[in-house]
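Take a look at the structure below.
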């Protein structure tokens, strides 16, 4: 079950608002539609929050689908249709206010009065760090980046003037971010940034984005990864006609909820029941203990952050389930149905994240792997690697996984059965 499709049980139990959309798709396309919708919708519930590990958290998610070219990833762009009514209303209202202010300044002697900032919901991925800070600060109840080509974002991350990888890492946990540039007379402080991210790309586009598994951005992502290309699909199928209408209908529903929540004076707190909290801790502790025994140590942080993702998924499903009733409430409790589908989804997404670590070369060795590899002779046997692994508290399976991964990355060369040669250093 390395790259599983999302369980049918999840789709059967989805809130009706998104079930109506996902029912129009099958297979990998349906999975990608669901995940991209969840990523987009994670920024569409103003005033909704929960308390996780003693901190206030919002529903925001980071989603990334990795698949070959021509594998159907294009369906993810439909998520933009859901956000468009909100984005257009926010942007146009803000633009009108800005133009009114600038027109008023022309007739005044004092032309130094500050005009209101331009607000938006959808943030372009092709943006510099200097632009990113004010854009996030003035995003309307948080912003969303949706890019169908991950290298649009990774190219910005790798420019000296556009390195905002740290912004993405901090924004995931709503940690304070700030920027001060004397040359631009720019100083901005954002106490609680809210940002959602929906990306798709090929395996080659991942490494420039996250650099290494230990980068921190890796563990914050909900990965969905598969290798097969899509077969031929007729562009004239009846069910394919007017598919945008389904997304636009959902967008209109979300627009109404968004507007009503934005006007609320009070926050809405999402909660697990006490029984759900106990089960959550039991499930995540069990997963974490398995990972510590069977997987590289760096994967531990991915499991821990998927606990937060679990909580946020429950928040989103619950919000969709309550729908328009949300505006009347100050507390919402996760239903057993939404707890179960969030749990199922997180378990399956962890398989995808683990598959990414095994199959895709992230370019660099971690400090632990570097130490382990260079404690081996230049030419060594599998048995010697396993014996050394025991002293590093690594299971036999973990050692075999490393040998396989390093062969794939040309770090090792297999000379014969059970015999390897180190090709670096």
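Readers should treat all values here as calculations from the given coordinates under stated rules, not as data from a laboratory. Keep in mind that what you see is a predicted model, and the values were worked out from it rather than measured.
Observations, loosely collected:
- Among 108, 13, 402, the largest mean-square fluctuation in a Gaussian network model of the chain, built with springs joining Cα atoms closer than 10 Å, belongs to 108.
- Of the residues 168, 186, 41, the one that moves most in a GNM of the chain with alpha-carbon contacts below 10 Å is 186.
- Rounded to 5, the percent of DSSP beta bridges in the chain classed as antiparallel: 40 percent
- For the chain, alpha-carbon Rg relative to the globular expectation (2.2 N^0.38 Å, N residues): 1.07
- Cα long-axis angle, helix 27-41 against the chain (0 to 90 degrees, to the nearest 10): 50 degrees
- Springs between Cα atoms under 10 Å define the GNM used for the chain, and in it the highest mean-square fluctuation of 330, 175, 378 occurs at 378.
- For segment 367-422, the orientation-averaged shadow of the C-alpha convex hull comes to 3.3 nm² (one quarter of the hull surface).
- With Cα atoms as the point set, the radius of gyration and Dmax of segment 1-118 evaluate to 20.7, 70 Å.
- P(r) tail, segment 213-332: Cα-Cα pairs separated by more than 21 Å, 62% of all pairs.
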